[in-house]
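The values are calculated or read from the model by the stated rules, or taken from the named source; none is laboratory data. Quick caveat: nothing in here was measured; it's all calculated off a predicted structure. Quick reminder, even Gly has a Cβ in these numbers, built from the backbone with ideal geometry, and neighbours come from all protein chains shown.
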Amino acid sequence: MTHEELITLLHDQTIIGKINDVKTLTQQGLDAGIDPSDLLYKALLPGLQEVGRRFETGVFFVPEMLIAAKAVAGALAILRPLLAAKGEQKVGKFLMGTVKGDVHDIGKNLCNIMLEGGGFEVIDIGVNATPEKFIEAIKKHQPQVMGMSAFLTTTMPMFKVTIDAIAKAGLRDSVKIMVGGAPVNQAYAEKSGADAYAPDASSTARKALSFVGVANDQGSQQLADAVNTIMDVVGKVKE
C-alpha cells in the first residue's frame with residue numbers, strides 16, 4: 001500500500017468511525033514512515049470535517065459524530081507524543097477536570113486536544129473531581145491555568161464550591177481558572193468567581209494561551225474547525 005493509499009483509507013475509516021481500524025492504520029502509517037502531521041492533517045481531521053458536513057446535511061446523526069470523534073481520539077493517543085516531540089517547548093501547564101458529581105468527559109477531552117495542540121502540558125484529573133482533588137493537583141503540578149467542566153445544571157454549583165475551596169487553601173492567586181460546559185454561560189462563570197468562560201474547545205485554547213502571554217500562532221485553524229464541529233454536537237447530546 002502506498003502512502004497516499006494509506007492516508008486515503010485512514011480518512012475513509014475515520015468517516016465511518018472504525019475505531020480499531022483507525023488506530024491500526026495510524027500505527028501502520030507511522031511504521032511506513034509517514035509524517036505524524038500528515039496523518040493528522042491529511043486524513044484524521046479532514047475525515048472529522050467530512051463527518052461534520054454530513055451531519056449538517058442530515059446524512060449523519062449524533063451517534064456517527066461521536067463515534068468518529070472517539071476514533072480520532074484513539075489515533076491521537078498514538079500521535080500526541082510524536083507531535084509534541086516535533087513541536088516547540090511547552091508554553092505552560094493546564095489542569096483540567098470535570099467537577100464532582102459529573103462524569104461527562106467528551107467536551108473536556110476535546111478541549112484537551114486543542115490545549116495540547118496549542119503547546120500546553122495538560123494534566124487531566126478526570127471526572128467527578130472533588131475540590132480536594134483539584135487542590136492536590138494544583139499543589140503538585142503548579143499549573144498556570146485550570147479548567148473545570150460541567151455538563152449538568154445540577155453540578156454547575158461545584159464551580160463556586162471548588163473555587164472557594166482553592167481560595168481557602170491559599171492557592172487562588174497562583175492559577176487562572178476557566179469554566180465551561182453545555183449549560184454554562186458567561187454570567188454564570190462570573191457568578192462562580194472564575195477568571196474566564198470558554199464556550200468551546202477552540203476558545204479554551206485561545207484564552208488559556210492569552211493567560212500565559214502566548215499568541216495563538218501555534219494552533220491550526222483546521223484543527224479548530226474540526227474540533228468545534230464535534231463540540232457543536234456534544235452540546236446537543238442528552239446523556
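Restricting attention to the range 41-78, which residues are more than 17 Å from residue 109 (Cα to Cα) and either among the acidic types (Asp, Glu) or surrounded by 23 or more Cβ atoms within 10 Å (Cβ to Cβ) (or both)?
43, 47, 50, 51, 56, 64
Identify, from the list 184, 127, 175, 161, the residue that is within 22 Å of residue 101 (Cα to Cα), crowded, with 19+ Cβ neighbours inside 10 Å and not assigned by TED's automatic domain parsing to the domain that holds residue 79. Outline the logic, then answer.
On the way: 127 fails: crowded, with 19+ Cβ neighbours inside 10 Å; 175 fails: within 22 Å of residue 101 (Cα to Cα); 161 fails: crowded, with 19+ Cβ neighbours inside 10 Å.
Result of the check over 184, 127, 175, 161: 184.
Quick check on residue 118: is it within 28 Å of residue 179 (Cβ to Cβ), modelled with pLDDT under 80 and either over 18 Å from the mean Cα position of the chain (by Cα) or not acidic (Asp, Glu) (or both)?
Details: within 28 Å of residue 179 (Cβ to Cβ): yes; modelled with pLDDT under 80: yes; either over 18 Å from the mean Cα position of the chain (by Cα) or not acidic (Asp, Glu) (or both): yes.
Yes; evaluated as a whole, the condition is true for this residue.
For residue 14, indicate whether it is touching a Lys or Arg at 6+ places or on another chain (Cβ under 6 Å), buried (at least 20 other Cβ atoms within 10 Å of the Cβ) and among the polar types (S, T, N, Q). Before the answer, list the steps.
Values: touching a Lys or Arg at 6+ places or on another chain (Cβ under 6 Å): no; buried (at least 20 other Cβ atoms within 10 Å of the Cβ): yes; among the polar types (S, T, N, Q): yes.
It is false that residue 14 is touching a Lys or Arg at 6+ places or on another chain (Cβ under 6 Å), buried (at least 20 other Cβ atoms within 10 Å of the Cβ) and among the polar types (S, T, N, Q).
With more than 22 Å from residue 143 (Cα to Cα) and under 19 Å from the mean Cα position of the chain (by Cα) as the only criterion, which of 25, 48, 110, 95 stands out? Quick ask: steps written out before the conclusion?
Values: 25 fails: under 19 Å from the mean Cα position of the chain (by Cα); 110 fails: more than 22 Å from residue 143 (Cα to Cα); 95 fails: more than 22 Å from residue 143 (Cα to Cα).
Result of the check over 25, 48, 110, 95: 48.
Evaluate the range 206-214: report whether one residue or more is out of contact with any Leu (no Cβ under 7 Å at 6 or more places or on another chain), surrounded by fewer than 21 Cβ atoms within 10 Å (Cβ to Cβ), modelled with pLDDT under 80 and of a type in the set (A, V, I, L, M, F, W, C).
Of the residues in the range 206-214, the ones out of contact with any Leu (no Cβ under 7 Å at 6 or more places or on another chain) are 206-207, 209-214.
When the remaining residues are screened for being surrounded by fewer than 21 Cβ atoms within 10 Å (Cβ to Cβ), the result is 206-207, 210-214.
Now drop any that are not modelled with pLDDT under 80, which leaves 214.
Those still in the list that are of a type in the set (A, V, I, L, M, F, W, C) too: 214.
There is at least one residue in the range 206-214 that is out of contact with any Leu (no Cβ under 7 Å at 6 or more places or on another chain), surrounded by fewer than 21 Cβ atoms within 10 Å (Cβ to Cβ), modelled with pLDDT under 80 and of a type in the set (A, V, I, L, M, F, W, C).
With respect to residue 106, determine if the residue is of a type in the set (A, V, I, L, M), in contact (Cβ under 8 Å) with a residue 60 or more places away in the chain and either in contact with a strand residue (DSSP E or B) (Cβ under 8 Å, 6 or more places away or on another chain) or closer than 28 Å to residue 37 by Cβ (or both). Working first, answer last.
Values: of a type in the set (A, V, I, L, M): yes; in contact (Cβ under 8 Å) with a residue 60 or more places away in the chain: yes; either in contact with a strand residue (DSSP E or B) (Cβ under 8 Å, 6 or more places away or on another chain) or closer than 28 Å to residue 37 by Cβ (or both): yes.
Here the answer is yes, as residue 106 does meet what is asked.
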